[in-house]
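Before any comments, here is the structure.
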Amino acid sequence: MDKKEFKKILKKIWYFLWESNSIWSWIANIIIAFILIKFIVYPGLGFILHTSHPIVAVVSGSMEHDGDFDQWWNSIAICQRRTCTQKDFYNSYNITKEQFLTFKYKNGFNIGDIMVLKGTAPENIKVGDIIVFNTYRPDPIIHRTIKKWQENAQYYFQTKGDHNLESISSKTLNETKIPSDKLIGRAVFKIPYLGWIKIGFVKLLKLLKII
């Protein structure tokens with residue numbers, strides 16, 4: 001193949017991808033975008049931010065707040081198997097309202113938000129930080145740190161979803177004692193609603209599997 005033929009092929013490919021409005025060109029662009037994001041952009045961000053998951057989409061409402069801060073602060077929670085308020089729950093961990101108001105994302109965040117993560121050494125995680133960690137569930141969990149301690153030279157964390165009544169302790173998720181080796185990263189930036197693209201795409205794939 002000489003240079004002229006090679007240039008012609010490149011021109012045809014360029015026209016097909018960027019100037020043609022056919023459904024096939026759109027599909028090709030989506031595939032290329034997916035490949036670039038999956039294998040270049042995402043790993044590149046992970047390298048820069050020192051984490052395997054530099055960007056996560058919020059897929060549950062466990063960090064949502066109902067109403068304004070005061071309404072949420074006085075909403076129902078569970079304290080040692082009895083009904084209490086969120087205020088009572090956090091006070092039992094020596095977290096006051098004044099302290100909570102200084103926390104990042106003090107008003108929580110919503111389904112569909114994108115959270116940018118940064119790899120952070122366990123000793124630098126603070127109470128109030130939003131962390132992402134692995135569990136026995138398929139997807140990582142993103143909740144707020146409410147307790148931190150050290151045992152045998154290893155750090156452990158307890159978290160709670162702002163919307164949840166208490167910290168979850170089950171076979172698939174025990175957030176009352178999270179070892180530091182399960183830590184993925186700390187949330188440092190939020191992009192509202194952009195995560196709905198991923199959520200919609202995943203739902204579409206599930207629908208196609210059913211069909």
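The values are calculated or read from the model by the stated rules, or taken from the named source; none is laboratory data. What you see is a predicted model, and the numbers here were worked out from it, not measured in a lab. Here Cβ is always computed from backbone atoms with ideal geometry, including for glycine, and neighbour counts include all displayed protein chains.
Does A57 fit the bill of being under 18 Å from T145 (Cβ atoms), assigned by TED's automatic domain parsing to the domain that holds T145, in contact with a Leu (Cβ under 9 Å, 6 or more places away or on another chain) and hydrophobic (A, V, I, L, M, F, W, C)?
Values: under 18 Å from T145 (Cβ atoms): no; assigned by TED's automatic domain parsing to the domain that holds T145: yes; in contact with a Leu (Cβ under 9 Å, 6 or more places away or on another chain): yes; hydrophobic (A, V, I, L, M, F, W, C): yes.
So A57 fails the test.
Determine whether F100 is in the same structural domain as H143 (by TED's automatic domain parsing), within 22 Å of the chain's Cα centre (by Cα) and at pLDDT 90 or above. Break it down into steps so the answer makes sense when it comes.
Numbers: in the same structural domain as H143 (by TED's automatic domain parsing): yes; within 22 Å of the chain's Cα centre (by Cα): yes; at pLDDT 90 or above: yes.
Criteria met by F100.
Kindly indicate whether K147 is assigned by TED's automatic domain parsing to the domain that holds W196 and buried (at least 16 other Cβ atoms within 10 Å of the Cβ). Don't jump to the end; show me each part of the working.
Values: assigned by TED's automatic domain parsing to the domain that holds W196: yes; buried (at least 16 other Cβ atoms within 10 Å of the Cβ): yes.
Criteria met by K147.
Across region 1-28, what is the total count of residues that are modelled with pLDDT of 75 or more and in contact with a helix residue (DSSP H, G or I) (Cβ under 7 Å, 6 or more places away or on another chain)?
2
Would you check which residues across region 133-167 are farther than 16 Å from E64 by Cα and within 18 Å of the chain's Cα centre (by Cα) and list them?
Of region 133-167, the ones farther than 16 Å from E64 by Cα are 133-140, 146-158.
The answer is F133, N134, T135, Y136, R137, P138, D139, P140, I146, F157, Q158.
Can you tell me which residues in region 113-142 are in a helix (DSSP H, G or I) and either acidic (D, E) or surrounded by 16 or more Cβ atoms within 10 Å (Cβ to Cβ) (or both)?
Here is the first cut: in region 113-142, the ones in a helix (DSSP H, G or I) are 122-124.
Selection gives P122, E123.
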